[in-house]
Structures are given as structure tokens and as C-alpha cells.
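Heads up: the structure comes next, in C-alpha cells.
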Amino acid sequence: MREKRPNPSEERSETITPEDLGYEARLAPARVTSLSVRGDLTALEPPLIAIVGTRHPDGEGLAMARSLAEACAKRSITVLSGGALGIDAAAHQGALDGGGRTVVVLPSGLDKPYPLRHRAMYSRAIERGGALVSMFPAETPPTRWTFPRRNELLASLCDVLVLVQAPSSSGALLAASFAKRIGRRVLVVPASPGDRRGAGCLALLRAGAALCERSEDMFAALDQPDGPLLAHASTRTRAPRPRTRARTREDAVAVAEPVAKEKIERLPPLDPAQLACVRALEDRPLHPDNIGERARLDPAATRAALITLTLLGLVSERSDGTYIRVRA
């Protein structure tokens, strides 16, 4: 008779604080007050490499994620991912098949592991010395607001994050963008220019991320003694520059025209949606909904444009959820 695997929601869990792990500074960006952990707490000890990507990869992307995770397992490095379909699942499976440990950072509570079809994989992860981790109460279902918070926790936990195939609007790209902002080392598997599944990867590379062409690239990043691969983006809002106040309309035109021309020339190549969002933010910080209204874009196009602009260092998200233009 086939042995029944335990349901991960029925296994024992414990609640800990960042202080219990000595992770106050590490988890501060994710605004974590407590974590629920099911499995072995030592799985959260560094080094930790996150491997993330799209839910709809091709065979090459799946093979790359699995290969990178297996290489981590052989070096006894724990692999983090979000448990989702596609690249995340391939990363978890690669770590397990390689005899290593993996940590699943859930977008839900421990009693509502998501997605349900991965329950057997989650149980296997726990059996192999890994863990399930959540920042939400046990009965919390996955919702629109829990996924971004999960991405921030995953990015904060890791030492290195590797992005494997991500379109221009995806949770994986948001995780990589957040990791960049808080100074984690971020690597990107290169994509074909015409493949929309890799559009986010190309945007991140243009923003200065390092290439990940083989597993040795990950380990080189992990062994780097100091400084992130990407410049640490400042979270402080820059004070607006003082404007010259012209006394006449003619003076105003004479002053404004060269300045406007200079701003346009300094911008890197942008598509129409990205340029519209930049222009919408010229005078004050705005919420994404207001940016979309000004730019005449739907929510998905606005979010995709803001992700790329953040990666390029042209805009910055503030703690209240609004975006502000970053000036050189």
C-alpha cells in the first residue's frame, strides 16, 4: 500500500521573532515582527540563495533553475523560493533532487499552504531538513496584498537572488527590484531579446545587474567580501532643486526651455509608457493609480513601467506607496 505523505498543514510549527534569529537588520526592510516556521530552523542560517522567476517558463528556464539549485545543494547552500508554479517549483525540486535543503517562503499562512498542488513537495522539503516560512497568521489565505509582502520577505532573507525568466510585470521581478533596493546581490540569467518571458530580466540587466550564466557566477557573488553587485539605491527622498523664478513670461520661457531639453536628453531610451510615467511625476509624488490616470495607462501597463523605471533608478517608491522622480 502506498505510504501517505503528511499534510504540511498538520505538522508542528513555531513562531519566532527576527531577534530570535539574530536577523533584526536583515529582516528590517520587510517590516517583519514575527515569523511562523514549520521545519528545521537551521535551514534559515546563511548562506541563502533565492532562485525565482515566472510561473510560465519554457523548458530552458526550468532546466536552468533546476541546475542552479542542484549546484547549491552540492555545496550545502540552502535554496529559497516562493513555492509558485514554474521557476519556483523547479528551484525547490532541484535542491531536493540534489540532496540539499530548500525553504519555501509562502504568500499565505502555514495552515493554508499555496498552491495546494505542491503539498507533497512541501512535505518533502520539511523531511529533508528544510522549512516553510510565513509572515502571516496561520489561517491567512493568499491574497493580492500577501504576495508583494512575501516577495519582500524572500528578498530580505537571502544573501544572493537569481532571477530566471521574468516578464516585465511579475512578482519575481518585484522581488528582484526590492532586493536591489536593499543592497542584496542580484544576478540575472540572460534572455533572448524577443522573448517576453525574459523582458524583465533584460530590464534588470540594463539597470546594472550581473549576469548569471552558470552556477559559478552565483558562488562568486556569494563569496564577494563586501558591497552588493548593484549600487544600493537610496530610500531617502531627495529634496527638490530650487527653481529660478523668472520675472516675466519671456524670462520664464527662456529659463524653462533649456531645462526641459536637458532633462529629456539625460533620460535613457524609454518606451512611450515609461516616458509617460516619468512625465507624470515631474511635479510631485503620486500613487500608481494617479500616475496611470495622468499617463493614460491601464494598471498593468503602469505597474510594468514603474518596475522598469525603478530598476533604472529614475523613480523611487516611498514608504507610503507613492512614487517620486529621482533626479541626477
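The values are calculated or read from the model by the stated rules, or taken from the named source; none is laboratory data. Note that the structure is a prediction, hence the values are computed from the model and not measured. All Cβ positions, glycine included, derive from the backbone under ideal geometry; neighbour counts span all protein chains shown.
Numbers for the structure displayed
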quantity	calculated
Out of LEU204, LEU173, LEU153, LEU161, sole residue that is in contact (Cβ under 8 Å) with a residue 60 or more places away in the chain, of a type in the set (A, V, I, L, M), assigned to a strand (DSSP E or B) and under 21 Å from ALA69 (Cβ atoms)	LEU161
Unique residue being without any contact (Cβ under 8 Å) to a residue 24 or more places away in the chain, assigned to a helix (DSSP H, G or I) and not small (Gly, Ala, Ser) when the list is GLU60, GLU70	GLU60
Condition met for ASP217 (surrounded by fewer than 17 Cβ atoms within 10 Å (Cβ to Cβ), under 19 Å from ALA69 (Cα atoms) and at pLDDT 85 or above)	no
Some residue of the stretch 297-305 being in a strand (DSSP E or B) and either under 22 Å from PRO167 (Cβ atoms) or touching a Phe, Trp or Tyr at 6+ places or on another chain (Cβ under 8 Å) (or both)	no
Residue within the stretch 63-78 that is closer than 25 Å to SER168 by Cα, among the β-branched types (Val, Ile, Thr) and modelled with pLDDT of 95 or more present	no
Matching residues in the stretch 115-150 - criterion: being assigned to a helix (DSSP H, G or I), aromatic (Phe, Trp, Tyr) and modelled with pLDDT under 95	PHE147
So ASP88, is it within 21 Å of LYS112 (Cα to Cα), assigned by TED's automatic domain parsing to the domain that holds GLY99 and in a helix (DSSP H, G or I)	yes
Output for the stretch 306-328, where each listed residue is modelled with pLDDT under 85, outside any loop (DSSP other than H, G, I, E, B) and of a type outside the set (A, V, I, L, M, F, W, C)	THR308, THR310, SER316, GLU317
Flag if LEU80 is assigned by TED's automatic domain parsing to the domain that holds PHE219, outside any helix (DSSP H, G or I) and crowded, with 24+ Cβ neighbours inside 10 Å	yes
